[in-house]
Amino acid sequence: MGLRFDGLYAEQGQTYTSFLRFFRTGEGMSVSVQRRLPMEETVVAVAAWLLPDHPYASRGPYSVEGNVLSFDATSQEGTVEYLGVIAPHGMELCLHSHSHINGHKAYGVYRYQRLPSS
C-alpha cells in the first residue's frame, strides 16, 4: 500500500502537531496547529478546513517513485521541502524536512490518522 488519501498524516510535537494531507490530484498540503484537543478531535477539526480551496495553507506538488516521497509545501512565507519514504503499509511517512523560511532541518515520523466515516 502506498500513500493514503483518506486521512491525514500527523507528527506530534510538545506543543504543536504538524499535519500533511495528500490528494489524488498530485497536490499536498501542510499545517501545524497548537495541541489543545485530543488527537482524534484535532484530526477532525483540521480535516474540515485543510482542503484544496483553503487560501492560506501551505501547499504544493508531491511525487512518489517506488516508496520515496518528495513534497514541497509553499506558503506566502516560503517553502518547506520534504523527502523520505512511505512505510510499506502506508501508515507512516519517515521524512526529512528543510525549511527555506528559517533554515531549520528536521526528521520526523508522520503517522496516518484515518478520518471518521460520515
From the set of residues in the range 97-118 that are assigned to a strand (DSSP E or B) and hydroxyl-bearing (Ser, Thr, Tyr), which is surrounded by the fewest Cβ atoms within 10 Å (Cβ to Cβ)? Tyr107
Could you tell me which residue of the range 11-22 is modelled with the highest pLDDT, considering only residues that are touching a strand residue (DSSP E or B) at 6+ places or on another chain (Cβ under 9 Å) and surrounded by fewer than 14 Cβ atoms within 10 Å (Cβ to Cβ)? Tyr16
Checked the range 24-42 for anything under 15 Å from Ala57 (Cβ atoms) and more than 14 Å from the chain's Cα centre (by Cα); matches are Thr25
Please determine, by comparing only the residues of the range 94-118 that are out of contact with any Gly (no Cβ under 6 Å at 6 or more places or on another chain) and among the aliphatic types (A, V, I, L, M), which one is modelled with the highest pLDDT. Val109
Enumeration of residues in the range 46-74 that are closer than 16 Å to Tyr9 by Cβ and part of a helix (DSSP H, G or I): Val46, Ala47
Test: Leu8 is touching a residue at least 12 places away in the same chain (Cβ under 8 Å) and over 17 Å from Val80 (Cβ atoms): no
Please count how many residues of the range 43-85 are within 19 Å of Thr25 (Cβ to Cβ), in contact (Cβ under 8 Å) with a residue 60 or more places away in the chain and buried (at least 18 other Cβ atoms within 10 Å of the Cβ). 2
Pairs please, first residue from the range 102-118 and closer than 17 Å to Glu11 by Cβ, second anywhere and acidic (Asp, Glu) and surrounded by 14 or more Cβ atoms within 10 Å (Cβ to Cβ), Cβ atoms under 7 Å, 6+ apart in sequence or on different chains. Gly108/Glu11; Val109/Glu11; Val109/Glu92; Tyr110/Glu11; Tyr110/Glu92; Arg111/Glu92; Tyr112/Glu92
Options Leu37, Leu8; residue that is surrounded by fewer than 19 Cβ atoms within 10 Å (Cβ to Cβ) and not polar (S, T, N, Q): Leu37
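The values are calculated or read from the model by the stated rules, or taken from the named source; none is laboratory data. Source: prediction; values computed, not measured. All Cβ positions, glycine included, derive from the backbone under ideal geometry; neighbour counts span all protein chains shown.
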